[in-house]
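The values are calculated or read from the model by the stated rules, or taken from the named source; none is laboratory data. Since the model is a prediction, treat every value here as computed from it, not as a measurement. Note that each Cβ is placed from the backbone with ideal geometry, even for glycine, and that neighbours are counted across all protein chains shown.
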Amino acid sequence: MAIVEDHEDLRESWAELINESPGFRCVGAFATGEEALEAMPALAPEVVLMDINLPGMSGIECARRLKDLLPDVQVLILTVYEDHEKIFSALQAGASGYLLKRTPPEKILDAIREVKLGGAPMTSEVARKVVQSFRRASPTADATARLTPREEEILRLLAQGFVAKEIASQLGISYFTAQTHLKKIYEKLHVHSRTEAVIRYLR
């Protein structure tokens, strides 16, 4: 894990949260995108928590350049912004998830776990904005024809911002079963992330 956040108190708080959580370790915390890009290739973190509003280079540009240097790194945006333009700019830059800074610490840890498993975590507010952007179009027949009723139900919950653990709870199934359904949904829709699945379904 690595962190890019210009506010010292918040940066230290996130680092402390990560280092005190079993199975997590913060290998670096940086105040600017420039510092992060210089140091991270040698550190090779699996996941990076990235702020958008950084001094100098923006978090979105840092994410884009970081993905060029470390294609396998998962960038998780944590920001106060929830407008459409910044959300989609971040996703287009290669971000794997987009959370608001007011997200509770335990949800941030859940999001890190999810993104490491190939998911694309988003808070419900952000997911709702993604859905609203594509709501003008109806689901296409070819995108959903191959999905079972259960898979369509899970995809609808996914579009509402629920993560795998919450979907399992909502439907009364195990977390493993929910993950298996999600994997099949991604395969059938020929996508690799939650964001792509929701967009493909609604488009």
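Quick rundown of the values:
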read-out: Hey, residue 159 over 29 Å from residue 52 (Cβ atoms), modelled with pLDDT under 80 and buried (at least 18 other Cβ atoms within 10 Å of the Cβ) or not; value: no
read-out: Criterion: buried (at least 18 other Cβ atoms within 10 Å of the Cβ) and closer than 26 Å to residue 127 by Cα - qualifying residue of 10, 37, 49, 100; value: 49
read-out: Breaking point among (1) part of a strand (DSSP E or B); (2) touching a residue at least 60 places away in the same chain (Cβ under 8 Å), for residue 98; value: (2)
read-out: Complete set of residues in the stretch 29-80 that are modelled with pLDDT under 95, in contact with a strand residue (DSSP E or B) (Cβ under 9 Å, 6 or more places away or on another chain) and among the hydroxyl-bearing types (Ser, Thr, Tyr); value: 79
read-out: Subset of the stretch 164-185 (residues that are surrounded by fewer than 20 Cβ atoms within 10 Å (Cβ to Cβ) and in contact (Cβ under 8 Å) with a residue 40 or more places away in the chain); value: 165, 179
read-out: Selection count where residues are β-branched (Val, Ile, Thr) and within 18 Å of residue 98 (Cα to Cα), scope the stretch 153-168; value: 1
read-out: Residue within the stretch 64-80 that is surrounded by fewer than 21 Cβ atoms within 10 Å (Cβ to Cβ) and under 21 Å from residue 161 (Cβ atoms) present; value: yes
read-out: Verdict on residue 127 being at pLDDT 85 or above, surrounded by 16 or more Cβ atoms within 10 Å (Cβ to Cβ) and in a helix (DSSP H, G or I); value: no
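Every residue, every condition in (1) aliphatic (A, V, I, L, M); (2) within 23 Å of residue 110 (Cβ to Cβ); (3) in contact (Cβ under 8 Å) with a residue 60 or more places away in the chain, yes or no:
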site	(1), (2), (3)
16	no, yes, no
23	no, yes, no
26	no, yes, no
32	no, no, no
39	yes, no, no
71	no, no, no
81	no, yes, no
